[in-house]
1. Would you check which residues across the stretch 49-95 are aliphatic (A, V, I, L, M) and closer than 28 Å to residue 250 by Cβ and list them?
2. Looking only at the stretch 171-194, which residues are within 22 Å of residue 155 (Cβ to Cβ), without any contact (Cβ under 8 Å) to a residue 40 or more places away in the chain and surrounded by 15 or more Cβ atoms within 10 Å (Cβ to Cβ)?
3. Does residue 31 fit the bill of being under 25 Å from residue 250 (Cα atoms), of a type in the set (Lys, Arg), surrounded by fewer than 18 Cβ atoms within 10 Å (Cβ to Cβ) and over 16 Å from the mean Cα position of the chain (by Cα)?
4. Find the strands (runs of 3 or more DSSP E) located wholly in the stretch 142-253 whose residues include 1 or more that are within 15 Å of the chain's Cα centre (by Cα) and over 28 Å from residue 20 (Cα atoms), and list them.
5. Have a look at 205, 197 and point out the one that is without any contact (Cβ under 8 Å) to a residue 24 or more places away in the chain, at negative phi, of a type in the set (A, V, I, L, M, F, W, C) and surrounded by fewer than 20 Cβ atoms within 10 Å (Cβ to Cβ).
6. Need pairs with beta-carbon distance below 8 Å; first residue among the basic types (Lys, Arg) and within the stretch 88-100, second part of a loop (DSSP other than H, G, I, E, B) and modelled with pLDDT of 95 or more; sequence gap 6+ or separate chains.
7. Specify which of the listed residues (234, 240) is in contact (Cβ under 8 Å) with a residue 12 or more places away in the chain, surrounded by fewer than 19 Cβ atoms within 10 Å (Cβ to Cβ) and not small (Gly, Ala, Ser).
8. With respect to the numbered conditions (1) surrounded by 23 or more Cβ atoms within 10 Å (Cβ to Cβ); (2) touching a residue at least 40 places away in the same chain (Cβ under 8 Å); (3) under 28 Å from residue 227 (Cα atoms); (4) under 16 Å from the mean Cα position of the chain (by Cα), which one is the sole condition not fulfilled by residue 26?
Amino acid sequence: MRQKIVAGNWKMHKTLEESQALITEIRGLVRDEYRGQGKVVIAPTFLSLPSAVRLVEGTEISISAQNAHYEDHGAFTGEISVPMLKSIGVQYAIIGHSERRQYFGETNTVLAAKAKSVIRHGLTVMFCVGETLEQRESKQYFRVIEEQVSQGLFGLDRKEFSHVVIAYEPVWAIGTGLTASPEQAQEIHAYIRKLVAAQYTAEIADQTSILYGGSVKPENATSIFMQPDIDGGLIGGAALKARDFIDIVKAMR
């Protein structure tokens, strides 16, 4: 059975002290209120990663980085390598978020190299794909998703791919208050699973966790997570409030 996951992507929010306070609050709520079998993941800023790892030690919560470089070391000012992340106990890395693609020009080729590096060093990659509003309205979204998935991930062999979580994030629903309907989200999730089955096997596709990211809130989480091919969420704004985040976590079934 594939893993259910709710991950909170904090983006560029929270000072070190604020991050520590929020993680402590989330940790207590998960301990006191969550009895499910799903995985809870938190992705604070790079600055907060070492203390985040320490704060969740001995709990069911895992820590993710929001990005990683594809080289292990070198003259890449301002970048963080996967071995650096591994050395402090980080377990996941988010690769290919739409904001990285849009604002920093990250291509499918670059993201494929990043994903390969994350997996080579024993971390799990959360690989993001998704279409813009223009691509959705012009009916190009299936082609866009296929290109992102195939060019970003299908260079991995079967063993490597077992360390992949895919996150579908319609760009038009990130931070806008808009949300894909459960049916729209399910359609794309099922399509992604079909692509994985065609490239690898139906068994591997059935074991691959595919998350939804796009203005998930406590009010809509249950209806989204009920869909058969949606295995949880990559949460943005709602992850910055402990109560909202834990209510979304509790919507995992």
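1. Initial filter on the stretch 49-95 (aliphatic (A, V, I, L, M)): 49, 52-53, 55-56, 61, 63, 65, 68, 75, 80, 82, 84-85, 88, 90, 93-95.
49, 52, 53, 55, 56, 61, 63, 65, 90, 93, 94, 95 - these are the residues of the stretch 49-95 that are aliphatic (A, V, I, L, M) and closer than 28 Å to residue 250 by Cβ.
2. Correct list: 193 only.
3. On the way: under 25 Å from residue 250 (Cα atoms): yes; of a type in the set (Lys, Arg): yes; surrounded by fewer than 18 Cβ atoms within 10 Å (Cβ to Cβ): yes; over 16 Å from the mean Cα position of the chain (by Cα): yes.
Judged against the criteria, residue 31 is a match.
4. Numbers: elements: 164-168, 210-212, 232-235.
It comes to 164-168, 210-212.
5. Numbers: 205 fails: surrounded by fewer than 20 Cβ atoms within 10 Å (Cβ to Cβ).
Going through 205, 197 in turn, the sole match is 197.
6. 100/67; 100/106
7. Details: 234 fails: surrounded by fewer than 19 Cβ atoms within 10 Å (Cβ to Cβ).
One residue alone meets the criteria, 240.
8. Status for residue 26: all satisfied but (4).
The values are calculated or read from the model by the stated rules, or taken from the named source; none is laboratory data. Bear in mind the structure is a predicted one, so any value in this text is a computation, not a measurement. As a convention, Cβ positions derive from the backbone with ideal geometry for all residues, glycine included, and neighbour counts pool all protein chains shown.
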